[in-house]
Amino acid sequence: MAETSATHLDLEPLDGVRLKDLTTLRVGGAPRAAWRARTAEELAHAVSLLDAAGDPLLILGGGSNLVVADGDLDLTVVVAGNDDIEVRADGLVRAGAGAVWDDVVAAAVDAGLSGIETLSGIPGSAGATPVQNVGAYGAEVGDVLTRVRLYNRETGVVEWVPANDLDLAYRYSNLKFTGRAAVLEIELQLEPSELSIPLRHLGGKQLPLKEAREEILRVRAAKGMVLDADDHDTWSAGSFFTNPVVGPEQADVIARAAEAERPGDGDAMPRYPQPDGRVKLSAAWLIERAGFHRGFPDDKAPARLSTKHTLALTNRGGAGAGDVVKLARTVRDGVRERFGVELVPEPVWIGLSLD
């Protein structure tokens, strides 16, 4: 941000920071400048000034869903630092865009509110959750999201927008990739309950809320999907590819191809019927059946598939953005050649692309 703009704002300067310091994948170069906005008002004001100046801008939350180019970056970073969380007895939960998402989940569970406990341990900020409609174990933020407070970058208006206006779908909203608005706050409606929502991985069983949260954290940690600075399997952008949704005929073709190579695989192929008649497949299953093993390619590569979970691309401590891109292309192309399915990356790409 230009010095003249910065003097009008009570922003915290993040001098000398690189995107590798602000993202869970830990890759990314140096922006022109970086600031942290402590309130929703300052976040909106900062975005408005940068947009008016025509400055390239990256609005950052927890940095858990980004793949950023190396080197000097022609952009300014504004980090959402408004981390307030409000939990009401009637189940209404409000959180600032900069609140750590797992803190929101923990606060809800501690208050005896059910609806997001299966989203425990997901890294990132609250403001990012509606953008890609974060979900896990059969639940999505869109199931409980009532509205979001947005700064509309086209009109300059700050307003609460109903969740129905976001076109929420599997890992999608009309905020994703468009940059049309900045999320300032989110609002959720949860249910007072002693029991969790049905846990899909336990056959629909319900557990006491705190037990359910502990169970989800245990399962995610076993897959390297709970952040741990000492575990390189967690130096990732989470699940790197979305689960593909295909027509039933294509699903049958894929099952036959798997069966021909390994008897029994066709019947065992995970299939999740969708309301529109299509079928959601498991990206991790396709990756494994295309010949990619945990830890691929080898223990010397700077970027590898997780040793715990083939859907995560990980930085083993010295990877750059180019290493991650190379690995992602190899996996995507391998699945396409084997099954004719094009895996789509889930993270947002800054300054580079997979193609």
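Numbers at a glance
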read-out: Within the range 135-153, considering residues that are over 23 Å from L92 (Cβ atoms) and at pLDDT 95 or above, the one surrounded by the most Cβ atoms within 10 Å (Cβ to Cβ); value: R153
read-out: Pick from the range 170-200, criterion among the hydrophobic types (A, V, I, L, M, F, W, C) and farther than 23 Å from Y151 by Cβ, ranking: surrounded by the fewest Cβ atoms within 10 Å (Cβ to Cβ); value: L195
read-out: G224 vs. criteria assigned to a loop (DSSP other than H, G, I, E, B) and closer than 30 Å to T39 by Cβ; value: no
read-out: Subset of the range 13-62 [of a type in the set (F, W, Y) and farther than 25 Å from D103 by Cα]; value: none
read-out: Qualifying positions in the range 266-281 - crowded, with 17+ Cβ neighbours inside 10 Å and either in contact (Cβ under 8 Å) with a residue 24 or more places away in the chain or in contact with a Lys or Arg (Cβ under 6 Å, 6 or more places away or on another chain) (or both); value: V279, K280, L281
read-out: Boolean, R289 is touching a Leu at 6+ places or on another chain (Cβ under 8 Å), closer than 14 Å to F339 by Cβ and open to solvent by 20 Å² or more (accessible area, probe 1.4 Å); value: no
read-out: Unmet requirement for A163, which otherwise passes all of (1) in contact (Cβ under 8 Å) with a residue 40 or more places away in the chain; (2) buried (at least 16 other Cβ atoms within 10 Å of the Cβ); (3) under 21 Å from the mean Cα position of the chain (by Cα); value: (1)
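Per-residue answers, yes or no, for (1) of a type in the set (A, V, I, L, M, F, W, C); (2) open to solvent by less than 20 Å² (accessible area, probe 1.4 Å); (3) at pLDDT 95 or above:
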residue: V17; (1), (2), (3): yes, no, yes
residue: T23; (1), (2), (3): no, yes, yes
residue: R26; (1), (2), (3): no, no, yes
residue: G29; (1), (2), (3): no, yes, yes
residue: A40; (1), (2), (3): yes, yes, yes
residue: A53; (1), (2), (3): yes, no, no
residue: I59; (1), (2), (3): yes, no, yes
residue: G63; (1), (2), (3): no, yes, no
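Listed here are the residues, each with its yes/no results for (1) surrounded by fewer than 19 Cβ atoms within 10 Å (Cβ to Cβ); (2) more than 20 Å from the chain's Cα centre (by Cα); (3) farther than 16 Å from A136 by Cβ.
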{"position": "L202", "(1), (2), (3)": "yes, yes, no"}
{"position": "Q206", "(1), (2), (3)": "yes, yes, yes"}
{"position": "V219", "(1), (2), (3)": "no, no, no"}
{"position": "D231", "(1), (2), (3)": "yes, no, yes"}
{"position": "T234", "(1), (2), (3)": "no, no, no"}
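The values are calculated or read from the model by the stated rules, or taken from the named source; none is laboratory data. This one's a predicted model, so the numbers in the text were calculated from it and none came from an experiment. Cβ: placed from backbone, ideal geometry, glycine included. Neighbour counts: every protein chain shown. When the accessible area is computed, the model is the full protein with side chains, heavy atoms only, and any ligands, DNA or RNA have been set aside. Shrake-Rupley method; radii C 1.70, N 1.55, O 1.52, S 1.80 Å.
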